[in-house]
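The values are calculated or read from the model by the stated rules, or taken from the named source; none is laboratory data. This is a predicted model, so every value here is computed, not measured. Virtual Cβ from ideal backbone geometry, glycine too; neighbours counted across all protein chains shown.
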Amino acid sequence: MDEASRDCDVVIEAVYENAELKQQIFRDLDAFCPERTILVSNTLTIIPSRFAEVTQRPDRVLVTHYTGPAYVSPLVEIVRTEQISDETVDIMFQALKKSGKRPVIIQKKVPGFIAIRLEVAIAREALSMVQGGIASPENTDTVLKTGYSRRWVAARFSESFEVGPGWSLFLTGLKQVLPDIDSLMGVIEFLQERVVKDELGAKTGKGFYHWTQEATEETRQKIAKVFIEIERWSENSA
């Protein structure tokens, strides 16, 4: 690590989600890297102050979250710390743009950032409806795939409402539906049961669906292909 990082301008750590391991890597990088080096952790949920506090360069430590599949998804979240300099954030923002990504800056530390918090909110309600017998996993997936996801490819979330019925109708819907939305703060029981049974998805051959190696690879390739096609369409329609 010493030799590899001694003359880097930016170092991105991307080990699995273990805060203690990541902190140790940041301690080592802080010792090995030049003072100018920006240290970055790629993480889903760990706030950047956990890494900044173990270094002597808190103004040059931040978090990025590359949404998956990272090699084709353009979105990268940049998460600030209280001590980070605007110059550091701008350097990372511009570097990501030049690499073909679409970075967004998160101004305040919050677990899950933007992408994961939105994903968890949707997943919590979808899984709650499955657990309550309101809908099957297949029907819930169909609604998400053929309804809202297609709309949000064509237009931004807020745009899709503003060119449609507008916020007044949406507010009316919120008042009617919000009291019944699941506000569960713990683990969804039937999902926990699947984990205990080792029904994790493609990696174990079964989740809500049955998976073969061929089906897994086909689905992964399809996801990557759609990402590429959407990006091309987006560039041509900009």
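The figures follow:
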read-out	value
Sole residue being closer than 21 Å to residue 113 by Cβ, surrounded by fewer than 17 Cβ atoms within 10 Å (Cβ to Cβ) and in contact with a Ser or Thr (Cβ under 9 Å, 6 or more places away or on another chain), chosen from 38, 12, 47	12
Qualifying residue in the range 32-42 (condition: assigned to a helix (DSSP H, G or I) and assigned by TED's automatic domain parsing to the domain that holds residue 79)	yes
Failed condition for residue 147, given (1) more than 25 Å from residue 206 (Cβ to Cβ); (2) surrounded by fewer than 10 Cβ atoms within 10 Å (Cβ to Cβ)	(2)
Test: residue in the range 91-101 that is touching a residue at least 60 places away in the same chain (Cβ under 8 Å), of a type in the set (Ser, Thr, Tyr), surrounded by fewer than 13 Cβ atoms within 10 Å (Cβ to Cβ) and within 28 Å of residue 14 (Cβ to Cβ)	no
Sole residue being free of Cβ contacts under 8 Å to residues at least 24 places away in the same chain, touching a Phe, Trp or Tyr at 6+ places or on another chain (Cβ under 8 Å) and outside the structural domain of residue 35 (by TED's automatic domain parsing), chosen from 170, 157	170
Test: residue 23 is closer than 19 Å to residue 84 by Cα, in the same structural domain as residue 89 (by TED's automatic domain parsing) and surrounded by fewer than 13 Cβ atoms within 10 Å (Cβ to Cβ)	no
Of all residues making up the range 151-201, the number that are at pLDDT below 90 and either in contact with a Gly (Cβ under 7 Å, 6 or more places away or on another chain) or within 16 Å of residue 127 (Cβ to Cβ) (or both)	11
Residue ranges of strands (runs of 3 or more DSSP E) in the range 52-120 with at least 1 members among the acidic types (Asp, Glu) and under 10 Å from the mean Cα position of the chain (by Cα)	75-79
Filter result for residue 108 (closer than 13 Å to residue 10 by Cβ, loosely packed, with under 15 Cβ neighbours inside 10 Å, among the basic types (Lys, Arg) and free of Cβ contacts under 8 Å to residues at least 60 places away in the same chain)	no
Among the residues listed as 120, 76, the single one being surrounded by 13 or more Cβ atoms within 10 Å (Cβ to Cβ), among the hydrophobic types (A, V, I, L, M, F, W, C) and either at pLDDT 95 or above or in the same structural domain as residue 62 (by TED's automatic domain parsing) (or both)	76
